[in-house]
Amino acid sequence: MKIVVFAPHPDDEIYGAGGSILKWMEEGHDVHVVYVTDNCALITWGKKHDDLIEEGVEDYIDLSEEEIGKIGLKEARSVAKAYGFPDSNVHLFEFHDQDAMNQIDNGVKLTKDIIKDANRIVIPGDNNNHPDHQATHNIVKKAAIELNLVDAEFYVYAIHNAQKAPLEKQIKIKIADYRVRIYEIMKLYKTQLLFKISRIGWETLMRKRSERFGVFSLKDAGKFYNF
């Protein structure tokens with residue numbers, strides 16, 4: 001089975017489907033990861049919202065957004081390698097953080113080549129209050145509709161929005177056996193862990209026992225809150 005996981009930003013793949021990715025790899029599936037943006041606005045956002053941790057931030061605080069973006073993509077590649085993704089299964093759109101909504105057409109074009117033969121597509125939910133997450137959802141769904149992927153299944157994860165899929169449309173994947181490894185892999189996102197909120201999320205990975213997804217088909221598009 002070909003499974004394609006979309007991360008609006010480097011680290012969303014961990015919080016959205018981190019353990020499931022390892023489980024699917026262990027089961028022998030052909031798993032791909034797509035990083036949509038570059039995290040270039042991380043430090044700018046952290047300064048604005050007073051969310052930066054003083055320890056370690058001095059190495060990044062005076063860098064430009066372009067420099068931060070390059071670091072973000074480098075970290076994504078390191079994380080993908082730690083997961084065990086072959087280079088051919090790692091895709092970087094290199095859109096700037098906070099700009100994915102302006103890249104819909106380009107994103108659809110890039111996405112089509114990756115998902116055209118996918119069996120399972122893993123994406124953030126609809127009605128998302130983060131613009132890059134919403135843009136990622138829109139890009140993938142639009143590409144799938146244009147390709148008419150009626151046989152593909154869509155696993156929708158909830159970050160920045162609620163998982164409001166009805167119970168019959170949900171699946172829970174047990175990931176307790178993978179949480180230590182996920183926790184260790186997350187350490188490679190050094191820039192992400194400069195944030196107070198990210199540190200809290202990182203610690204919760206050690207307690208995470210399952211991941212929940214809304215599961216939809218293309219005929220469900222527009223009929224549910226998350227899809």
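The values are calculated or read from the model by the stated rules, or taken from the named source; none is laboratory data. In this text the structure is predicted, and so the values were computed from the model without any measurement. Ideal geometry is used to build each Cβ from the backbone, glycine not excepted, and the neighbour counts take in all protein chains shown.
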I'm trying to understand the selection: among the residues of the range 1-21, which are in contact with a Phe, Trp or Tyr (Cβ under 6 Å, 6 or more places away or on another chain), surrounded by fewer than 24 Cβ atoms within 10 Å (Cβ to Cβ) and either without any contact (Cβ under 8 Å) to a residue 40 or more places away in the chain or closer than 20 Å to LEU110 by Cβ (or both)? ILE3
In the range 149-207, what residues are outside any helix (DSSP H, G or I), within 24 Å of ILE121 (Cβ to Cβ) and of a type in the set (D, E, K, R)? ASP151, GLU153, LYS164, LYS172, LYS174
Going by the structure shown, is HIS133 under 29 Å from GLY28 (Cβ atoms) and either assigned to a loop (DSSP other than H, G, I, E, B) or modelled with pLDDT of 95 or more (or both)? no
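Can you tell me how many residues within the range 136-148 are loosely packed, with under 15 Cβ neighbours inside 10 Å and either in contact with a helix residue (DSSP H, G or I) (Cβ under 6 Å, 6 or more places away or on another chain) or outside any helix (DSSP H, G or I) (or both)?
Matching residues across the range 136-148 total 1.
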In this structure, does THR191 turn out to be buried (at least 17 other Cβ atoms within 10 Å of the Cβ), among the hydroxyl-bearing types (Ser, Thr, Tyr) and under 15 Å from the mean Cα position of the chain (by Cα)? no
Consider only pairs whose beta carbons are under 9 Å apart and that are at least six residues apart or on different chains; among these, list those whose first residue lies in the range 25-50 and is under 27 Å from PHE85 (Cβ atoms) and whose second residue is in a loop (DSSP other than H, G, I, E, B) and aromatic (Phe, Trp, Tyr). MET25/PHE85; VAL31/PHE85; HIS32/PHE85; VAL33/PHE85; ASN39/TYR189; LEU42/TYR60; ILE43/TYR60
Are there any pairs with C-beta distances below 7 angstrom linking a residue in the range 125-143 that is farther than 15 Å from ALA7 by Cβ and touching a residue at least 40 places away in the same chain (Cβ under 8 Å) to a residue that is assigned to a helix (DSSP H, G or I) and not aromatic (Phe, Trp, Tyr), with the two at least 6 apart or on different chains, and if so which? ASP126/HIS137
Condition check for THR191: without any contact (Cβ under 8 Å) to a residue 40 or more places away in the chain and among the hydroxyl-bearing types (Ser, Thr, Tyr): no
Answer yes or no: is there a residue in the range 58-78 that is under 16 Å from the mean Cα position of the chain (by Cα), in contact (Cβ under 8 Å) with a residue 40 or more places away in the chain and over 19 Å from HIS133 (Cα atoms). yes
Test set (1) surrounded by 17 or more Cβ atoms within 10 Å (Cβ to Cβ); (2) closer than 15 Å to VAL33 by Cα; (3) more than 13 Å from the chain's Cα centre (by Cα); (4) not basic (Lys, Arg) - VAL156 fails condition number: (3)
